[in-house]
Amino acid sequence: MYRLAAALLASASLAAFAAQEPELATVLENHKFAPDRIEVPAGRKVKLTIENRDAAPEEFDSGDLRIEKVVPGNSKGVVWLGPLKPGEYKFIGEYNEKTAHGVVVAK
Amino acid sequence: MFGTALIVFREVLEAALIVGIVSAATRGIPGRARWIASGIGAGIVGSLLVAAGASALSNLAQGMGQELFNASILGIAVAMLAWHNIWMSVHGRELAANANRVGADIRSGARELSVLLVVVAIAVLREGSETVLFLYGVAISGHESSVPMMAGGAIGLAGGVAVGWLLFKGLLRIPLRWFFSATSLLVLLLAAGMASQAARFLIQADKLPSLASPLWDTSWIVSNSSLLGKALQGMIGYDAQPSGMQMTFFFAVLVAVLAGMAWARRRAEPRSPARAAPNPT
């Protein structure tokens, strides 16, 4: 009986946990992402907020993640990632590729 | 300067390929040059407006305005291309037969062209607004003075247009007998590819589940970040790691348009002996 209750409780809290998508953020300043290495849980949908503190607009672009999102200057953009298989997924700021780049690591 | 040129080239390329295909597909319809030019003009005006309203647009729909906007205009383009192909399945032979005469069905020709004007305008608007935002960003961050920036932009634009022009000229070399079948196929793939991209934006906005994602991974052959990948993405919606939902959209549009073409051809047949008389095949 205890075991069943424990199992129920565990699965209920797991369900509650799964319903809440992890939220992560990165900041773009002087055409650089910080952090530029973003670790996310594999197999889960993740919400990533990109805050652009530059005056210039930037396009968050990732062929690996299949995302193209323009983030205007001094504003925030939200993208949804995954669920991803474990691995590394590169992204760039397409308008300033030389400095604006990073990687999403799914574990 | 060359960085600017390359980025502008990449953005212009997709639109130029689409305009090249549409220009070829409307061969023989009177007045098409004017319609296509108007489509490009409308697209440029539209891209300036979209770029100017980028902040407002991205704040709509809980920050998903941009995705929903992209998905909607892609959806419109898919509908227009589908209509074109269904129309062409009835009128293509006629156009092939009368290629050098003024088309008999000018009125439906004008309707057909207004549909493709929308497709051209949407293609130019999508890529154009990104180009405008990029150039605006370069201008205000002051890394490059404005003269090399403008020069780079012009070189990139010219390069993209040249590729579209080469595709158009290349398509025109296809013998007339197969010409409309070939352009129909390209338009069909274009429509299906756009549907798959619309699905990608809806997934990105969290409005659709991705289903199995990715279904496969061919990024080791052609990556979506490469120029070839970009060109293929523009023309057939190539995605190195497509999701199940994208492929569902791709094949649903493919099958629906083919069915529409077959239906239109069957419906036109009872009347066709008289109409198709000048065309013995």
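Considering only residues that are of a type in the set (Ser, Thr, Tyr) and either more than 8 Å from chain B (Cβ to nearest Cβ) or in contact with an Asp or Glu (Cβ under 6 Å, 6 or more places away or on another chain) (or both), which ones fall in region A:48-83? Listed by number, the residues that qualify are A:Thr49, A:Ser62.
Evaluation of B:Arg173 against the conditions (1) in contact with a helix residue (DSSP H, G or I) (Cβ under 9 Å, 6 or more places away or on another chain); (2) away from chain A (no Cβ under 12 Å) shows that the sole unmet condition is (1).
The residue of region B:188-200 that is nearest to B:Ile86 (Cα to Cα), among those that are buried (at least 24 other Cβ atoms within 10 Å of the Cβ) and hydrophobic (A, V, I, L, M, F, W, C), is B:Ala191. In the condition set (1) of a type outside the set (Lys, Arg); (2) more than 8 Å from every other protein chain (Cβ to nearest Cβ); (3) over 25 Å from B:Val132 (Cβ atoms), A:Ala100 is compliant with all but (3).
Looking at region A:16-76, the strands (runs of 3 or more DSSP E) lying wholly inside it that each contain 2 or more residues that are within 25 Å of B:Ala61 (Cα to Cα) and touching a Gly at 6+ places or on another chain (Cβ under 6 Å) sit at A:46-52, A:67-71. Selection of region B:210-234 for residues being touching a Leu at 6+ places or on another chain (Cβ under 7 Å) and either surrounded by fewer than 19 Cβ atoms within 10 Å (Cβ to Cβ) or of a type in the set (Gly, Ala, Ser) (or both) yields B:Val222, B:Ala231, B:Gly234. Being in a helix (DSSP H, G or I) and modelled with pLDDT under 85, is that true of even one residue in region B:249-268? Within region B:249-268, one or more residues are in a helix (DSSP H, G or I) and modelled with pLDDT under 85. Residues that are more than 14 Å from chain A (Cβ to nearest Cβ) and closer than 19 Å to B:Leu190 by Cβ were ranked within region B:43-72; the one that is surrounded by the most Cβ atoms within 10 Å (Cβ to Cβ) is B:Gly43.
For (1) modelled with pLDDT of 95 or more; (2) surrounded by 15 or more Cβ atoms within 10 Å (Cβ to Cβ); (3) under 17 Å from A:Asn96 (Cβ atoms), each residue gets a yes or a no:
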| residue | (1), (2), (3) |
| --- | --- |
| B:Ile140 | no, no, yes |
| B:Ser146 | no, no, no |
| B:Met149 | no, yes, yes |
| B:Ala154 | no, no, no |
| B:Gly159 | yes, yes, no |
| B:Arg177 | no, no, no |
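Can you say whether B:Leu227 is more than 11 Å from every other protein chain (Cβ to nearest Cβ) and over 21 Å from B:Ala71 (Cα atoms), as far as the supplied structure shows? Yes: the conditions hold for B:Leu227. Put simply, of A:Gly43, A:Gly93 the only residue that is among the small types (Gly, Ala, Ser), more than 8 Å from every other protein chain (Cβ to nearest Cβ), touching a residue at least 40 places away in the same chain (Cβ under 8 Å) and within 18 Å of B:Gln204 (Cβ to Cβ) is A:Gly93.
Yes/no per residue for (1) at pLDDT below 90; (2) surrounded by fewer than 19 Cβ atoms within 10 Å (Cβ to Cβ):
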| residue | (1), (2) |
| --- | --- |
| A:Val40 | no, no |
| A:Lys45 | yes, yes |
| A:Asn52 | no, no |
| A:Asp64 | yes, no |
| A:Leu84 | yes, no |
| A:Tyr89 | no, no |
| A:Ala100 | no, no |
| A:Val104 | no, no |
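Of the residues making up region B:67-100, not one is modelled with pLDDT of 80 or more and outside any helix (DSSP H, G or I). The selection criterion, being within 11 Å of chain A (Cβ to nearest Cβ) and within 25 Å of B:Val257 (Cβ to Cβ), holds for B:Ser196.
The values are calculated or read from the model by the stated rules, or taken from the named source; none is laboratory data. Just so we're clear, the structure is a prediction, and the values are computed from it rather than from any experiment. Using ideal geometry, Cβ is built from the backbone for each residue, glycine included, and neighbour counts are taken over all protein chains shown.
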